[in-house]
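The values are calculated or read from the model by the stated rules, or taken from the named source; none is laboratory data. Note that the coordinates shown come from a computational prediction; the quantities given were computed from them, not determined experimentally. Reconstructed Cβ throughout: ideal geometry from the backbone, glycine too, with neighbour counts over all protein chains shown. Keep in mind that these areas ignore ligands, DNA and RNA; they rest on the heavy atoms of the full protein, side chains included. Shrake-Rupley method; radii C 1.70, N 1.55, O 1.52, S 1.80 Å.
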Amino acid sequence: MLQVRVHGPDDVRVDDVPEPDPGPDDVVVRVAACGICGSDLSYIRLGGVAGPGPEPMCLGHEMAGTVAWVGERVTSARPGDRVVVHPGNDELGRIGNGGAQGGLTPQLLVTHADRGRLHAVPDAMPLDVAAFAEPLAVGMHAADQADVRPGDGVCVLGCGPIGLAAIATLVDRGHERVVAVDLDATRRDLATGLGAQAAIDPASDDLWAALADLHGTAPFMFGPTPATAAFVEATGADRVIGDVIDHARVGARLAVVALHYAPVPTSFLMILMKELTIRGSIEYPPRFDDAIDLLARRDLSALLTHRLPLGRFGDALDVLRDAGDCGKVLVTMQH
């Protein structure tokens, strides 16, 4: 069968590998669709999670499909179940994030199946939509980390899939003052389609003046600032963090969900004077099924802008690398 694997820096291949050999505590999932994201591009560039390992690294951590085989000791799944596969953690092993398995394959071995690895997909939900549950959960957790309160003005910086997921979460929770920021018009349109109050192009508009117009101003000893109370940083652009620290109001909260591999210059004087709260955000809310529930409540299929078969994985990577006018890029499996 086919499996996408990283063999070294900038060396990713669709390999022919043996089919899974499951044990009594395992299941095999027939994958319908698996998303690819910026983390996958980083793994490819580095040659692995943090560089090349002793074996090729399997890719794919955003997957949904149908249970095809169940081990004799498994009680949480039956053949035919429609599921999202939780990518796992350090204890269970990470699917597509440095572990032995990856979701960019037609048949995925899921070990320790009874330990919360499988999450039911409603019958009415297409499996390619269900595959968006993992990035949606990442954006949902980022919204949680920003500690958004009723009536707050919020700014989501970066409208890739994670930023859009944070916006979808906030709008679903009833927040009406969510401002999206992105350089790309397609992504700004996706954000307003989700219910964002406004979408700003920072290349042509003064972001901080626009936020002051939309959210009002708050006093600060060096002059008024936008009254925006919470920020989600989903761009990965280092200067954005410094801009937020310089322009945020006193008491603002910042959740950083984008990947920043290099140290970022930071004004701790401004953090001190403004009593800012900065939180990292990685992975998921305590209840992973919250993301599936949101997908069932709201039609987010417009965010899934590109679907390419596994045989065109290289083309899917090209779409993701260009990353200008796309939402979520999915790789589909043909059975």
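Where does each of 260-273, 134-147 land if you order them by average Cβ count within 10 Å, highest first?
Values: 260-273: 11.1, 134-147: 24.6.
Listed from highest to lowest mean packing, they are 134-147, 260-273.
Which one is right for this structure if Cα extents along the principal axes in Å is calculated from it: [x] 72, 47, 32; [y] 53, 53, 51; [z] 66, 40, 34?
Matching entry in [x] 72, 47, 32; [y] 53, 53, 51; [z] 66, 40, 34: [z].
Under unit Cβ charges (Lys, Arg +1; Asp, Glu -1), what dipole magnitude, rounded to 20 debye, does region 194-287 have relative to its Cα centre? Mind showing how you got there, number by number?
Values: 6 positive and 10 negative charges, 81 e Å.
Using only the charged Cβ atoms, the result is roughly 380 debye.
How many nm is it between the label spots at S76 and L183, if each spot is 7 Å from the Cα in line with the beta carbon?
The answer from the label model is 4.1 nm.
Give the carbon-plus-sulfur fraction of the accessible surface of region 134-244 in %, rounded to a whole number; probe 1.4 Å, heavy atoms of protein chains only. Provide the component values of the computation, followed by the final result.
On the way: 2060 of 4060 Å².
Here it works out to 51 percent.
Give me the angle, in degrees from 0 to 90, between the Cα long axis of helix 185-194 and the longest principal axis of the Cα atoms of the chain, rounded to the nearest 10.
The angle comes out near 90 degrees.
Over the chain, what is the relative contact order in percent, taking alpha-carbon pairs closer than 8 angstrom and at least six residues apart? Don't skip to the end; give the middle numbers.
Details: 788 pairs, mean separation 56.8, N = 335.
Reported relative contact order: 17 percent.
Per DSSP H run of n ≥ 4, the term is -39500 (n - 2.57); total these for the chain, divide by its residue number, and report the mean residue ellipticity at 222 nm rounded to 500 deg cm²/dmol.
Working: 10 runs with 93 residues, N = 335.
Only helices count here, giving -8000 deg cm²/dmol.
What does the highest-first list of 115-128, 176-189, 225-238 look like by mean Cβ count within 10 Å?
Ranking the peptides 115-128, 176-189, 225-238 by packing returns 225-238, 176-189, 115-128.
Per residue, what accessible area does the chain have, given a 1.4 Å probe and all protein chains present, in Å²?
Per residue, the chain has an accessible area of 43 Å².
What angle, in degrees between 0 and 90 and rounded to the nearest 10, separates the Cα long axis of helix 313-322 from the longest principal axis of the Cα atoms of the chain?
Long axis of 313-322 versus the principal axis of the chain: about 0 degrees.
Could you sort T305, T217, T75 by accessible area so the largest value comes first, with the probe set to 1.4 Å? Could you put the intermediate results ahead of the total?
Working: T305 50, T217 90, T75 125 Å².
The ordering from most to least exposed comes out as T75, T217, T305.
Excluding A185 itself, calculate the net charge of residues whose Cβ lies under 11 Å from the Cβ of A185, where each Lys or Arg counts +1 and each Asp or Glu counts -1.
Values: positive: R187, R188; negative: D182, D184, D189, D201, D325.
So the surrounding residues net to -3.
Taking the Cα centre of the chain as the origin, how large is its charge dipole in debye, to the nearest 20, when only Lys and Arg (+1) and Asp and Glu (-1) carry charge on their Cβ atoms?
I would put it at about 400 debye.
Give the relative contact order (percent, whole number) for region 124-220; include only Cα pairs under 8 Å separated by 6+ residues. Mind showing how you got there, number by number?
On the way: 127 pairs, mean separation 21.0, N = 97.
In percent, rounded to a whole number, it is 22.
Counting Lys and Arg as +1 and Asp and Glu as -1, each charge on the Cβ, what is the dipole of region 131-224 about the Cα centre in debye, to the nearest 20? Don't skip to the answer; put the middle values down first.
Working: 5 positive and 13 negative charges, 32 e Å.
Charge dipole, region 131-224, about its Cα centre: 160 debye, nearest 20.
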